[in-house]
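Visitor: Sharing a structure with you now.
The values are calculated or read from the model by the stated rules, or taken from the named source; none is laboratory data. In this text the structure is predicted, and so the values were computed from the model without any measurement. All Cβ positions, even for glycine, are placed from backbone atoms using ideal geometry, and neighbour counts span all protein chains on display.
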Amino acid sequence: MRRGRNGDRAATATPETAVVAEHPTIGLALGGGAARGFAHIGVLRTLAKHGIQPDVIVGTSIGAVVGGCHAAGQLDEFEEWCSRLNTRRLLGYLDVSFSGAGLIGGGRLANRLEKSIGRTVIEDLPIRFAAIATEVKTGHEIWLTRGLLVEAMRASYALPGIFPPVHVGGRWLVDGALVNPVPVSAARSLGARLVIAVNVNADQFDRGGTIPDIGVDIDDVAAIDDRGTLRNGLRTAERLLKRQFVGHRGRPGIPSVMVDAFNVMQDRITRSRLAGDPPDVTINPRLGQIGWFDFHRASEAIAAGAEATERAIETVQDAVATLV
C-alpha cells in the first residue's frame, strides 16, 4: 500500500477489474456535471426517505464528491456548505494558476473537502466506493478504490484545462467523465446486482442533429472586439480570469467554452456507454438552465434531484423487490 504524507495512505489507481458480489446489493452510479451534480444530494436524501440505502456507490467527477461524502457520513455538512455558496465565495476557492497545467490550482477546494471528510481512507468506508478517473497518457479508465478519499475525489473532478492532473499511484489522472461519465459498468463490477444511474445532464442536449447551412454575418465579425491590454500585471490577470468563470451576458468566457465543449463530448459518451450497459433504473433530474458553473444554485439542483427520484420511486422499489 502506497503511503502519502504523514503516513496516510494515498489514493491508489486501480485499472478496471470485476468483483464478485457477496450478497444482493444496490448500486448507485452518480454521473458528472459540476454544479448540476448537486442534484445527487436530493437523490440520496429521497432514496433514504423511502428506506433504500446503496451498498455500492461509484461516482464520476461531482458524482464522486457527493457519493464520497455520503459514504463517509458527511453529506449533511457538505450540503450545508454547498447551500451557502454564492458567487463571491466561489471565487474565493479559485486559486488561479499561471504556471501549472490548469487555470485553477485546486488546492483551496481540496482543502475545503478535506475539512469535511478529513483523512478518510476508502477501505474504511462502510460501503463499497469507487471514484472514476482517466489516465492522461493512456486513456485508461481508472477506478480509485483504495487510499485517501479526498485524493480520489480530486482526481475524479480534475477537468482538463481547468484543474491540473492529479498524481496517484504513479499515474497522472484527470476527470473520469472522459471515459465513463455515468459509471454503471463499474458499479456492476464492484458487486451491484441492481444499478440505479443518475444522469444530471440528460436534459441538456437533444439527439445532436446536423445543421448544414450556416454562414457568417457582418454582425458576427463586429462582435469580436479587443479586450484591451493588462496594465497591472498578474493581479489584474487573476481578476479577469476569475471573472471569466462568472461569465458575460451574451458572451461565453474561456472556462465556459472549455466546459461546454467537454459537456458535448460527455453527452455523446454517456449515450454510448448507457446503450451498451444500461442500468436497471435511470433517474434524470430536470435541471433546466442550471449551468455547470452555477454553484450558487445548489438548492435548486438538490430539489430537482429529489423531485426526479420521487417520480421514479415506484420503478426503483419494484426493481429492489426483485433482489429479495
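Visitor: Return the total of residues in region 38-85 being touching a Gly at 6+ places or on another chain (Cβ under 8 Å) and of a type in the set (S, T, N, Q).
Guide: Selection size over region 38-85: 3.
Visitor: Being among the basic types (Lys, Arg), modelled with pLDDT of 70 or more, out of contact with any helix residue (DSSP H, G or I) (no Cβ under 8 Å at 6 or more places or on another chain) and closer than 30 Å to residue 323 by Cβ is true for just one of 286, 271. Which residue is that?
Guide: Checking each option against the conditions leaves just 271.
Visitor: When region 115-139 is examined, which residues are found to be out of contact with any strand residue (DSSP E or B) (no Cβ under 9 Å at 6 or more places or on another chain) and charged (D, E, K, R)?
Guide: Once the filter is applied, which keeps residues that are out of contact with any strand residue (DSSP E or B) (no Cβ under 9 Å at 6 or more places or on another chain) and charged (D, E, K, R), region 115-139 yields 115, 124.
Visitor: Within region 19-62, how many residues are at pLDDT below 95 and surrounded by fewer than 19 Cβ atoms within 10 Å (Cβ to Cβ)?
Guide: The qualifying residues number 6.
Visitor: Further, regarding this structure: For region 78-90, which positions are in a helix (DSSP H, G or I) and under 19 Å from the mean Cα position of the chain (by Cα)?
Guide: 78, 79, 80, 81, 82, 83, 90
Visitor: Among what's in region 43-62 and is without any contact (Cβ under 8 Å) to a residue 24 or more places away in the chain and under 23 Å from residue 298 (Cα atoms), pick the residue that is farthest from the chain's Cα centre (by Cα). Break it down stepwise before answering.
Guide: Step one: list which residues in region 43-62 are without any contact (Cβ under 8 Å) to a residue 24 or more places away in the chain, which gives 48-49, 51.
In the following step, the residues that additionally are under 23 Å from residue 298 (Cα atoms) were identified as 48-49.
Working: 48: 21, 49: 24 Å.
Across region 43-62, the extreme among qualifying residues is 49.
Visitor: Of the conditions (1) out of contact with any Phe, Trp or Tyr (no Cβ under 7 Å at 6 or more places or on another chain); (2) modelled with pLDDT of 90 or more; (3) not in a strand (DSSP E or B), residue 112 fails just one. Which one is it?
Guide: For residue 112, the exception is condition (1).
Visitor: Across region 93-140, which residue is nearest to residue 81 (Cα to Cα) among those that are among the aromatic types (Phe, Trp, Tyr) and touching a residue at least 40 places away in the same chain (Cβ under 8 Å)? Full working, then the answer.
Guide: So in region 93-140, the residues among the aromatic types (Phe, Trp, Tyr) come out as 93, 98, 129.
Going one step further and asking which of them are touching a residue at least 40 places away in the same chain (Cβ under 8 Å), we end up with 98, 129.
Numbers: 98: 28, 129: 22 Å.
Going through the qualifying residues, I end up with 129.
Visitor: So, in region 124-140, of the ones that are more than 12 Å from residue 57 (Cβ to Cβ) and touching a helix residue (DSSP H, G or I) at 6+ places or on another chain (Cβ under 6 Å), which residue ends up surrounded by the fewest Cβ atoms within 10 Å (Cβ to Cβ)?
Guide: Looking at the filtered set, the residue picked out is 134.
Here's the yes/no breakdown for (1) assigned to a helix (DSSP H, G or I); (2) touching a Pro at 6+ places or on another chain (Cβ under 6 Å); (3) free of Cβ contacts under 8 Å to residues at least 40 places away in the same chain; (4) within 19 Å of residue 182 (Cβ to Cβ):
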| site | (1), (2), (3), (4) |
| --- | --- |
| 299 | yes, no, no, no |
| 308 | yes, yes, no, yes |
| 312 | yes, no, yes, yes |
| 316 | yes, no, no, yes |
| 320 | yes, no, no, no |
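Visitor: Moving on. Within region 141-183, can you find the residues that are surrounded by fewer than 23 Cβ atoms within 10 Å (Cβ to Cβ), touching a Phe, Trp or Tyr at 6+ places or on another chain (Cβ under 8 Å) and acidic (Asp, Glu)?
Guide: none
Visitor: Residues that are of a type in the set (D, E, K, R) and part of a helix (DSSP H, G or I): does region 279-292 have at least one?
Guide: No: region 279-292 contains no residue that is of a type in the set (D, E, K, R) and part of a helix (DSSP H, G or I).
Visitor: Let me ask another. Could we say that residue 197 is exposed (fewer than 10 other Cβ atoms within 10 Å of the Cβ), farther than 23 Å from residue 160 by Cα and either of a type in the set (S, T, N, Q) or at pLDDT 80 or above (or both) here? Give the derivation first.
Guide: Values: exposed (fewer than 10 other Cβ atoms within 10 Å of the Cβ): no; farther than 23 Å from residue 160 by Cα: yes; either of a type in the set (S, T, N, Q) or at pLDDT 80 or above (or both): yes.
No: the conditions fail for residue 197.
Visitor: Restricting to region 149-167, name every residue that is modelled with pLDDT of 95 or more and under 23 Å from residue 100 (Cα atoms).
Guide: The first filter runs over region 149-167 and keeps only residues modelled with pLDDT of 95 or more, leaving 149-158, 165-167.
Selection gives 150, 151, 152, 153, 154, 155, 156, 157, 158, 165, 166, 167.
Visitor: For region 115-158, give me each residue that is assigned to a strand (DSSP E or B) and either basic (Lys, Arg) or more than 13 Å from residue 171 (Cβ to Cβ) (or both).
Guide: 121, 128, 129, 130, 131, 132, 145, 146, 148
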